[in-house]
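First the structure, in the form of C-alpha cells, and then the observations on it.
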Amino acid sequence: MTDLDQRIASVLREQAEGDVDIDRLTAGAVTGGRRRLRRRRAVLGGGLALVVLLGGLAVVPALPGLDRPFTGPAGPAIPAIPAEAAPPLMPAAPGAAAAPEVVGTDAGVLHFGVDTTKVRYLRWEVAQGLESAQLDVGGGRKVTVELARSSRTLRESGAEGVPFKISMFAEEAAFDGRTSSTTVDGLPIQVRQWKPAPGLYARASVWAPQDTALTVAVEALRLTEARRCGAPVRLTTVPDGARVAGCRVDVTGFPRLVTARFGIVGTSTRTMSVSYQYAAEISPRTVDGNMTIAGRPAHLYPEQGRVELLGVPKSRLLADYGWPEQGFDKLDAALVLGGVQVAPDPTRPETWD
C-alpha cells in the first residue's frame with residue numbers, strides 16, 4: 001500500500017467502520033473517471049454543434065478542465081498551424097500615409113495593415129468614413145485601432161470598445177499622441193489619439209490599466225500599404241444605382257470560424273445586407289432549393305425577405321433584402337449572390353485573393 005493509499009484509507013475510516021478495500025476503491029474511481037470523460041466528450045461535441053447552428057459571431061467559452069494536458073491514449077496527428085488570417089494585400093492601392101484623402105471612401109479597401117509578427121488580426125471593418133481593426137497584442141489584450149480623415153468622424157463614431165465620453169473629447173488639440181485614461185463601470189480604459197500624417201487622424205483603445213498594449217499596436221501599424229476588406233468573400237455585382245457601403249470581417253475564431261458581412265445601399269432608403277459564415281462544425285443544411293441563381297440551387301424565404309445560396313461547403317451565404325421593407329427585391333438579391341466569389345479554402349488565407 002502506497003502513502004497515498006494509506007491517506008485515502010485513513011480519511012475514509014473516519015467516516016466508516018471497518019477496513020477499506022483500496023484496490024476496489026481505485027478500480028471504481030478509474031471506471032467512473034472513464035464514464036465522466038466519455039460524457040464530457042459527448043457534451044463538448046453537442047455544444048459546439050449548437051453554437052454553430054445558432055450562427056452569429058459567438059465565441060465558444062473554454063470548458064472546465066479542457067485547458068489541462070490530456071494524458072490518455074494518443075489521438076490522430078494534429079495538423080500544421082495555418083497561416084494567420086489577414087486581409088489580402090492590394091499593391092495597386094495607396095496606403096493611408098501617402099493618400100489620407102482616400103481613407104474611408106471605399107468599403108472594399110483598408111488603407112493600412114499591421115505587422116502580423118507582432119499582433120494578430122481579430123477583425124477588420126470599413127464603414128461610414130472609418131477604417132478599423134481589432135488586434136490581439138498578446139496576453140489576452142485586444143486593441144481597437146481606427147483611422148479617419150477627420151477628428152469629427154472619430155468623435156461621432158460608435159466604435160467598438162470606445163465609450164462615448166471618450167469620443168467626445170477627441171478634439172483637434174487632443175491628437176498629440178498622449179494617452180487618456182478613465183474608467184467605465186469600474187473598468188479602466190486607455191485611449192491614444194494622434195495624427196500619423198497631415199489630414200489623417202488615428203485612435204487606439206484598450207481595456208487595461210496601462211497603455212503598453214497601445215504602444216505594441218501602434219508600432220505594428222503599416223500605413224504604407226493597402227489591403228482588401230472583403231475576404232474570403234468578394235462581391236462583384238450590385239443592382240444598378242447601388243454600392244457596397246460597409247464591410248466587416250471577423251476572424252476571431254479562425255481557422256474554425258470566419259464570418260463576413262457587407263452592407264449595400266441604393267437610391268432613397270434601399271438597403272441590403274449580405275452575410276457569410278464558414279464553420280468547421282456547421283450542421284448540414286436540410287432546406288431544399290426552390291430557385292436557381294446562375295445555375296446553382298438557392299432557397300427563397302419570402303416571409304423574411306431573404307435568399308440563401310446553397311452548396312457552399314461548410315458555409316452559409318445569405319442576402320437579406322426586405323425585413324423590414326428595404327426597397328430591394330429577390331431579383332436584386334439573386335443578382336448580388338450570383339456574383340459572389342468565395343475563396344476555395346477559407347482556412348488558407350493564401351487562397352483569399
In units of 2.2 N^0.38 Å, the Cα radius of gyration of the range 261-321 is 1.20
Residue span Asn290 to Thr224: 0.36 nm per residue of separation minus Cα-Cα distance leaves a gain in nm of 19.0 nm
Residue-ordered couplings for the range 116-126, obtained by feeding phi - 60° into the Karplus form 6.51 cos²θ - 1.76 cosθ + 1.60 and rounding to whole Hz (Gly and Pro as x), are 6, 7, 10, 9, 10, 5, 10, 7, 8, 7, 10
Counting only protein heavy atoms and leaving out ligands, DNA and RNA, the solvent-accessible surface of Arg248 at a 1.4 Å probe, in Å² to the nearest 10, equals 60
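The values are calculated or read from the model by the stated rules, or taken from the named source; none is laboratory data. What you are looking at is a predicted structure, and each value in this text was computed from that prediction instead of being measured. Side chains included, ligands, DNA and RNA excluded: accessible areas come from the protein's heavy atoms. Shrake-Rupley method; radii C 1.70, N 1.55, O 1.52, S 1.80 Å.
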